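Asks: Starting off with a structure, shown below.
Each value in this text was obtained by applying a stated rule to the coordinates, not by laboratory testing. Given the structure is predicted, the values throughout are model-derived calculations rather than measurements. Cβ sites come from the backbone with ideal geometry, for glycine too, and all protein chains shown count toward neighbours.
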Amino acid sequence: MPADSAVGTACGLPGMTGQPAPGRRWRRILPGEEREIGKLRRWLAGLLPDCSARDDVISVATELSANAVRHTASGQGGCFGIEVTCHGPVIRVAVADRGAATEPRMIDDPLEEYGRGLMLVHGLAVRTGVRGGEHGRLVWADVPWNAGLPAAPVSSPSRQAAVG
């Protein structure tokens, strides 16, 4: 089965029966251009069922992808990759970019004009991480997945942040 074909019942997609194999995923490689972010949002909205968890996954994917385009070599004529994987109670959003001289950093000043996107990612995810550096990097976030259910808050002490 191709990577784009299904996430499965545990991830709330219609048309799937039984339990999916762990790690069902979708992948895309996109040009490192701002206009691709809107295409990415539409692609994910078409794949995931309409629920608050879908909106959270799309928000996280949008932020991580926008950072790849704006702050790494991916946005300088390169490309970036996104992978969305079902892991039962979470959906992992992982974005691979062409790297940058500096690491992603979270700005926690609400008065700053830019730089608060990783605060959003951290607030929606139960775990985040980053690997790599100047020549290529992978930034990921695990978003709680409860398709069809109202959003449930995740307690702060259980959050693990590696993006920062």
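Asks: Between Val126 and Ser52, take the C-beta separation as r, use R0 = 22 Å, and let me know the FRET efficiency to the nearest 0.05.
Replies: 0.90
Asks: Additional query: Going by how many other beta carbons lie within 10 Å of each one, how would you line up His122, His87, His135, fewest first?
Replies: Listing His122, His87, His135 from fewest to most nearby Cβ atoms yields His135, His87, His122.
Asks: Around Pro49, under 14 Å between beta carbons, what's the net of Lys plus Arg minus Asp minus Glu among the other residues?
Replies: Taking every Cβ under 14 Å from that of Pro49, the sum is -2.
Asks: If Lys and Arg each add +1 and Asp and Glu each add -1, what is the summed charge of the other residues whose beta carbon sits under 15 Å from the beta carbon of Ser59?
Replies: 0
Asks: What nm distance separates the two modelled labels at Leu138 and Arg42, each placed 7 Å from Cα along Cα→Cβ?
Replies: Using points 7 Å along Cα→Cβ, the separation is 3.0 nm.
Asks: Multiplying the sequence separation of Glu103 and Ile29 by 0.36 nm and subtracting their Cα-Cα distance, what value in nm do you get?
Replies: Stretched out fully, the Glu103 to Ile29 stretch lengthens by 24.5 nm.
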